Every structure is written in C-alpha cells, then in structure tokens.
Amino acid sequence: MADPARARKMADRIKVIVAKRIERGLRDPRLGFVTITDVKVTGDLQHASVFYTVYGNAEERADSAAALKAATGMLRSEVGKNITARLTPSLEFIADAIPENAALIDDLLREARERDTQVEEQARTAQYAGDEDPYVKPRLYDEDSAEDSDENDETEAAPAAGQHAEASVDASVDEESRR
C-alpha cells in the first residue's frame, strides 16, 4: 500500500491532467459543461475515481456521462504520459451529487426559516397557561406569627442538638476505654 500523502498528490495531479484535457476539448459533441470536482485514488494507486458535475439539465448530464465513458481510454493514456508512476491507474467517472445535495440543503434551510418565523409569530401572541409567574414565591408572615414560629423551631431543634452532643461524648469515652 502506498503512502496516503503520495496517493493524495497523485489524485491532485490526475485531477489537473483530466481537467486540462477536457478544457482543451474532446472531439465529442455530447460533452457539455463538465467540471472535475474531485479525484480519489485507491491505496495501491491502481484505480482512480474521478468525480464530475455537469451544468445543465438531465439530458445534458446523460450525454456528458456517455462522452466521458467513451473518452476514458484516451484520458487514461493522457494521465499515463503526464504522471511518474510505474502503472497508470484505471479511471472511473462518477457523477458528483454536490448540486443535488446543495439544492436539498437550501430547501431544508428555507423550510427551517419558515418554521422559525411561524414560531416567532406564535411566541409574540402567546399567553401564559396559568398565572403569569408560575414559580413558588416565599410566604410572607405577619410579625406575630413569625415570632411564634421562630420560638417553636428553636425549642424543637434544641433537644436534637443536645442528644447529638451526648451521643458523640459517649462514643469518645468508649474509644478511650478500649485503648
């Protein structure tokens, strides 16, 4: 298996060679406005997948695909003359789905914008289902009832604190007696 960097360099070189040859012209009237978008070379440098797009309708795309398939041998010999490799990779032309994917993404973004505007409109006219402020607020006590509840809290808390202190003293005495 070849070095991935070498495969990447060979792919870039094949892309340039094929694009220049198509730019100079193939003697095939079926060939439309073709753009080479990417080339992928296998790890053993034996096969190259050439991705292309065609500007035009479906008929022009089909005609261009047929023209590239017919010119594959000539383009492979052109690649073989211009690269410094022991073996010339076989070429396979694959129609790139970039335009269709871009159109799909544009449609999804447009739909998302429409939904955002609908949600924004609903948010402007929305009202609370219950009270305006549904969160629990602290209770406000009268001064007399606040003093009574404070005294009750202190008397209930005092025995618990005292019992806890006695339990900790008993535990320390037991530890000392064991030593």
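The rows are residues; the columns are (1) under 30 Å from Arg13 (Cβ atoms); (2) more than 33 Å from the chain's Cα centre (by Cα); (3) assigned to a loop (DSSP other than H, G, I, E, B).
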{"site": "Gly73", "(1), (2), (3)": "yes, yes, no"}
{"site": "Glu78", "(1), (2), (3)": "yes, yes, no"}
{"site": "Ala85", "(1), (2), (3)": "yes, yes, yes"}
{"site": "Ile94", "(1), (2), (3)": "yes, no, no"}
{"site": "Asn101", "(1), (2), (3)": "yes, no, no"}
{"site": "Asp106", "(1), (2), (3)": "no, no, no"}
{"site": "Glu120", "(1), (2), (3)": "no, no, no"}
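Could you list all residues from the range 22-48 that are in a loop (DSSP other than H, G, I, E, B), touching a helix residue (DSSP H, G or I) at 6+ places or on another chain (Cβ under 8 Å), at pLDDT 85 or above and surrounded by fewer than 17 Cβ atoms within 10 Å (Cβ to Cβ)? Thr42, Gly43 - these are the residues of the range 22-48 that are in a loop (DSSP other than H, G, I, E, B), touching a helix residue (DSSP H, G or I) at 6+ places or on another chain (Cβ under 8 Å), at pLDDT 85 or above and surrounded by fewer than 17 Cβ atoms within 10 Å (Cβ to Cβ). Every test in (1) under 30 Å from Lys9 (Cβ atoms); (2) touching an Asp or Glu at 6+ places or on another chain (Cβ under 9 Å) is passed by Ala66 save one, and that test is (1). Inspection of the range 66-89 finds a residue satisfying the criterion of being without any contact (Cβ under 8 Å) to a residue 60 or more places away in the chain, hydrophobic (A, V, I, L, M, F, W, C) and over 29 Å from Arg6 (Cα atoms). Flag: Phe51 does not match the condition of being at pLDDT 90 or above, in contact with a Phe, Trp or Tyr (Cβ under 7 Å, 6 or more places away or on another chain) and either part of a helix (DSSP H, G or I) or surrounded by 13 or more Cβ atoms within 10 Å (Cβ to Cβ) (or both). Whenever a residue of the range 15-37 is under 18 Å from Arg61 (Cα atoms), its partners that are acidic (Asp, Glu), lying with C-beta atoms within less than 7 angstrom and at least six residues away or across chains, give the pairs Arg30/Asp63; Gly32/Glu60; Gly32/Asp63; Thr37/Asp96.
The values are calculated or read from the model by the stated rules, or taken from the named source; none is laboratory data. None of the values given here were measured: they were computed from a predicted structure. Using ideal geometry, Cβ is built from the backbone for each residue, glycine included, and neighbour counts are taken over all protein chains shown.
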